[in-house]
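Questions regarding the structure given below will be posed in turn.
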Amino acid sequence: EHVVTMSSMPATVHALESILEYGRDFFGYEDTRSDEEYESILAAARTQLMRSRKRPFLRVAFTSDDASEDSAVLLFELFDDYCPLACARLEESIVGGLYDGNEVHRLVRGGWLQAGDTETGDGDRTSGEPLVDECFELRHDRPGILGLVNAGPNSNSSQFYVTFAATQWMDKRYEAIGRLFDGLADLRALEATTTRNGRPTNRLRIARIEIVRV
């Protein structure tokens, strides 16, 4: 399935800038729209594209101890038609505040980040009963794949991961339940986080997490 993502929008913006520059240089055209107007147009296009997908979305904002504002905001499309149990459990956990302030306890450049240990924060505990495997259709073929951590077949847990690159070795081993829709630049910023022994040196945690429906 070919998915057009909002992460590709910067290329579209640069193309528009080139067209406007061409019009100005050769035809004397001056664009009178403000940045705010273009932001409004982009927001409307984002909403329209989200609505066309007919799926829920997950928005996660991360922050760190040395940041005065959000370090990154990622928006994922959730494949609840393929993984209904996992997506329902995720929403239930979010509504219950399970992930509020939860730390990223593992970060591997070129690999993935991992969070969701709501017991110790060290990655050795999970919350709730394990979930059975539902579907392995979504491949780990790009950055921004959202999936569930497990300890073997039919043991999906509260812990989740987000890939920084294609990680095909995860296919058929870990259940992917979502894919990055917007925030590729922020994902790259997260990947660049300084770590020690695979853990961010400055505490990186979830500032806000919510299910979005349009």
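The values are calculated or read from the model by the stated rules, or taken from the named source; none is laboratory data. Small disclaimer: the values here were computed from a predicted structure and weren't measured. With ideal geometry, Cβ positions are generated from the backbone for all residues, glycine too; neighbour counts draw on all protein chains shown. With ligands, DNA and RNA removed, areas are computed over all heavy atoms of the protein, side chains included. Shrake-Rupley method; radii C 1.70, N 1.55, O 1.52, S 1.80 Å.
Answer yes if at least one residue in segment 39-47 is of a type in the set (D, E), within 25 Å of A189 (Cβ to Cβ) and modelled with pLDDT of 80 or more, and no otherwise.
Scanning segment 39-47 turns up at least one residue that is of a type in the set (D, E), within 25 Å of A189 (Cβ to Cβ) and modelled with pLDDT of 80 or more.
How many residues does segment 147-169 hold that are without any contact (Cβ under 8 Å) to a residue 40 or more places away in the chain and closer than 16 Å to A115 by Cβ?
3
Quick one: what pairs do we get from segment 27-50, first residue open to solvent by less than 60 Å² (accessible area, probe 1.4 Å) and among the polar types (S, T, N, Q), second at pLDDT 85 or above and assigned to a loop (DSSP other than H, G, I, E, B), C-beta under 7 Å, 6+ apart or different chains?
T47/V214
Now for a separate question. Among the listed residues T118, T167, identify the single one that is of a type in the set (V, I, T), more than 15 Å from R188 (Cα to Cα) and at pLDDT 95 or above.
Exactly one residue qualifies, and that residue is T167.
Condition test on T167, is it among the hydroxyl-bearing types (S, T, Y), open to solvent by 50 Å² or more (accessible area, probe 1.4 Å) and in contact with a strand residue (DSSP E or B) (Cβ under 8 Å, 6 or more places away or on another chain)?
Taking the combined requirement at face value, the residue does not satisfy it.
Then there's this: When you check I177 against the structure, is it part of a strand (DSSP E or B) and out of contact with any helix residue (DSSP H, G or I) (no Cβ under 7 Å at 6 or more places or on another chain), yes or no?
no
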